[in-house]
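Undergrad: Quick one: the structure is below, and I'll ask about it shortly.
No value in this document is a laboratory result; all are computed from the given coordinates. In this text, all values refer to a predicted model and were calculated from it rather than measured experimentally. Positions of Cβ are generated from backbone atoms using ideal geometry, with glycine treated the same way; all protein chains shown enter the neighbour counts.
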Amino acid sequence: MAFARPKKKEPLGEDALFDYAVGTLARKMRSVRDLKRLMRTRAEEGEAGERAMDRIVVRLKELKYLSDTRFAADYARLRKENEKFGRRRVQQGLVQKGIHKDLVASTLAKTYDDVDEVALVREYIARKRIRQPEGEDAKKQAARVTGRLVRAGFSAGAIFKVLREWNVEVEEEAIDDDNAPDE
């Protein structure tokens, strides 16, 4: 059985598009770029739709419903406190959401400058219930843990400090800090 393509919906007028945008923001915080991407599916095509979306974004900013600065601060804080993610992972997330790099840098500075990264690595390990490598394949397990911590956004120094506390042998060349995004 083939799947039917969804029917193209009628484009919304400016008032209906505004209501759609407010409803979207009521369900989940979004960046300006993210909201425009969603509105684009409902707006008229071409220049008229773009102008309507720009007017709606300005109106939402005036009403303080939409702010990339507030979005970035909340996003970074929630990822740090709830997910226990490292600085680099949050930075990548903000860039993917379309936040300007200067705003990303200032937000990360406010959120992570007073954070003990080693303690955050320990919290992440506890949250994810990562066990200490042991047994015959301890080296292999350590490599897995290292990869997981790198993907969570932690620096090589913090990762190796925690692994050394566990008395685990690791190859420090396995992580390349040069390929990490600029902070």
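Undergrad: Normalised radius of gyration for the stretch 67-168, please: alpha carbon Rg relative to 2.2 N^0.38 Å, two decimal places. Walk me through the intermediate numbers first.
TA: Details: Rg = 14.9 Å, N = 102, 2.2 N^0.38 = 12.8 Å.
Compactness ratio reported: 1.17.
Undergrad: Kindly flag which residue pairs out of 128/161; 28/61; 80/139; 64/84 have an alpha-carbon separation exceeding 26 Å in this structure.
TA: From the list (128/161; 28/61; 80/139; 64/84), the Cα-Cα distance tops 26 Å for 80/139; 64/84.
Undergrad: OK, next. What's the Kirkwood radius of the stretch 68-112 in Å, using all Cα pairs? Could you put the intermediate results ahead of the total?
TA: Numbers: mean 1/r = 0.1009 Å⁻¹.
Mean inverse Cα-Cα distance, inverted, gives 9.9 Å.
Undergrad: Whole-Hz ³J(HN,Hα) for each residue in the stretch 139-144, computed from phi via Karplus 6.51 cos²θ - 1.76 cosθ + 1.60 with θ = phi - 60°, x for glycine and proline: what do you get?
TA: 5, 5, 5, 5, 5, 5
Undergrad: With no solvent and one equal point scatterer per Cα, compute the Debye intensity ratio I(q)/I(0) for the stretch 48-90 at 0.14, 0.28, 0.34 Å⁻¹ and report its log10, rounded to two decimals.
TA: The Cα Debye sum returns log10 ratios of -0.48, -0.88, -1.07.
Undergrad: Moving on. At 0.36 nm per residue, minus the direct Cα-Cα distance, what do residue 122 and residue 143 gain on full extension? Give it in nm, one decimal, please.
TA: On the way: separation 21, 0.36 × 21 = 7.56 nm, distance 1.67 nm.
Extra length from residue 122 to residue 143 when fully extended: 5.9 nm.
Undergrad: Here is a follow-up. Could you work out which residue, out of 27, 89, 164, moves most in a Gaussian network model of the chain, that is, has the largest mean-square fluctuation with Cα springs under 10 Å?
TA: Comparing 27, 89, 164 in a Gaussian network model of the chain, the most mobile one is 27.
Undergrad: Another question about this same structure. Once the piece of chain linking residue 73 and residue 4 is laid out straight, how much longer is it, given 0.36 nm per residue of separation minus the C-alpha distance between them?
TA: On the way: separation 69, 0.36 × 69 = 24.84 nm, distance 4.11 nm.
Here the segment from residue 73 to residue 4 would lengthen by 20.7 nm.
Undergrad: Mean-square fluctuation check for the chain, GNM, Cα pairs under 10 Å: which of 127, 33, 70 is largest?
TA: 127
Undergrad: Oh, and also: Work out, step by step, the length gained on full extension between residue 132 and residue 100: first 0.36 nm times the residue separation, then minus their alpha carbon distance; give nm to one decimal.
TA: 7.7 nm
Undergrad: One-quarter of the Cα convex hull surface for the stretch 14-62, in nm²?
TA: Details: hull surface 12.0 nm².
The directionally averaged projection comes out at 3.0 nm².
Undergrad: For 110, 84, which order do you get if you count the other beta carbons within 10 Å of each Cβ and list the fewest first?
TA: Details: 110 13, 84 21.
Fewest to most other Cβ atoms nearby, the residues stand as 110, 84.
Undergrad: Which three numbers, in whole Å and largest first, are the semi-axes of the equivalent ellipsoid of the chain derived from its Cα gyration tensor as √(5λ)? Numbers along the way, then the final one.
TA: Details: eigenvalues 357, 78, 36 Å².
With the √(5λ) rule applied to the chain, the semi-axes are 42, 20, 13 Å.
Undergrad: Divide the volume of the convex hull of the Cα atoms of the stretch 38-121 by its number of residues and quote the answer in cubic angstrom per residue.
TA: Working: hull volume 9.3 nm³, N = 84.
Taking only Cα atoms, the stretch 38-121 has a hull volume of 111 Å³ per residue.
Undergrad: Right, next: Kindly state, to the nearest 0.05, the FRET efficiency for residue 83 paired with residue 167, given R0 = 45 Å and r defined as their beta-carbon distance.
TA: Efficiency at R0 = 45 Å is approximately 0.95.
Undergrad: Taking θ as phi - 60°, what are the ³J(HN,Hα) couplings along the stretch 36-51 by the Karplus curve (6.51, -1.76, 1.60), each to the nearest whole Hz, with x for Gly and Pro?
TA: Calculated HN-Hα couplings, in order: 4, 4, 5, 5, 4, 6, 10, 7, 5, 7, x, 5, 4, x, 5, 5 Hz.
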